[in-house]
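Peer 1: This is the structure I want to talk about, given as structure tokens.
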Amino acid sequence: MTAYPSKLVERAVEQLSSLPGIGRKSALRLALHLLGQPEGMAHSLADSLVAMRDGIIYCRECYNISDTELCPICASPARDRSTVCVVQHVGDVLAIENTGQYRGLYHVLGGVISPIDGIGPEDLRIDELIARVASGEVREVILALGTTMEGDTTNFFIHRSLQGYEVQVSVIARGIAIGDEIEYADEVTLGRSILSRTDFDHSIRF
């Protein structure tokens, strides 16, 4: 166990190492780096993180992160409002936007159905998606969830829930490796998967 020369450094390392992908060694390097910078840099970093945590809200339409009640994507008149891409997390929106291949809207579920983790359909924003489809403006729902068992289960549940509505349900092409998360796919593969999406019924394997 590392012996720290300062309790303040130890506390900073503990907080930094709680972030995903940051181990204690990396956290220590970051803490020592900040100590070596001008005082204003650490204060600016801390202030920006607090402002982000306190100021960020979720778009009332798609549940993407935003500074305003309606995110820039939903507010843009240039977006195709008849197409909604369903994703698991906010990071997936950023990943798909970086491909430059999609001009529709989004719907962030906030997770996937996972009984082992105690997450059911009622814990996600599936009812809100159904309400958007029921409004009559949406013509296609693209399911862009991770290619995991939980993602496939959620895809099937959404597809079944949307039966009876006049909406096409498609799923992104399997250019994404089985078990991969959308957020971490490379932009070329993800962009091609969006463009090569297929009707959901044709993607089901019995």
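Peer 1: Could you give the length gained on full extension between GLN101 and LEU70, defined as 0.36 nm per residue of separation minus the Cα-Cα distance, in nm? Before the final figure, lay out each step's value.
Peer 2: Values: separation 31, 0.36 × 31 = 11.16 nm, distance 2.21 nm.
Value of the extension gain: 9.0 nm.
Peer 1: VAL108: net charge of surrounding residues, Cβ under 11 Å, Lys/Arg +1, Asp/Glu -1, itself excluded? Intermediate values should be presented prior to the final figure.
Peer 2: Details: positive: ARG125; negative: GLU61, ASP92, GLU128.
Net charge around VAL108: -2.
Peer 1: Same structure again: Treat every Asp and Glu Cβ in segment 7-55 as -1 and every Lys and Arg Cβ as +1, leave all other atoms uncharged, and give the resulting dipole magnitude about the Cα centre to the nearest 20 debye.
Peer 2: Details: 6 positive and 5 negative charges, 55 e Å.
About 260 debye.
Peer 1: Less than 15 Å Cβ to Cβ from ARG53, Lys/Arg counted +1 and Asp/Glu -1: what total charge do the surrounding residues give?
Peer 2: Spelling it out: positives minus negatives among the neighbours equals -3.
Peer 1: State whether segment 7-55 is rounded, prolate or oblate according to the following rule on the C-alpha gyration tensor (a ≥ b ≥ c being the square roots of its eigenvalues): a/c under 1.5 gives rounded; otherwise a/b larger than b/c gives prolate, and the remaining case gives oblate. Kindly include the intermediate steps, with their values, before the conclusion.
Peer 2: Working: a/c = 2.08, a/b = 1.23, b/c = 1.69.
Because a/c hits 1.5 or more and a/b fails to exceed b/c, segment 7-55 counts as oblate.
Read-outs: derived from the displayed coordinates by stated rules, not from any lab. Everything numeric here is computed off the predicted structure, so don't read it as measured data. Here the Cβ is made from the backbone with ideal geometry for all residues, glycine too, and neighbour counts use every protein chain on show.
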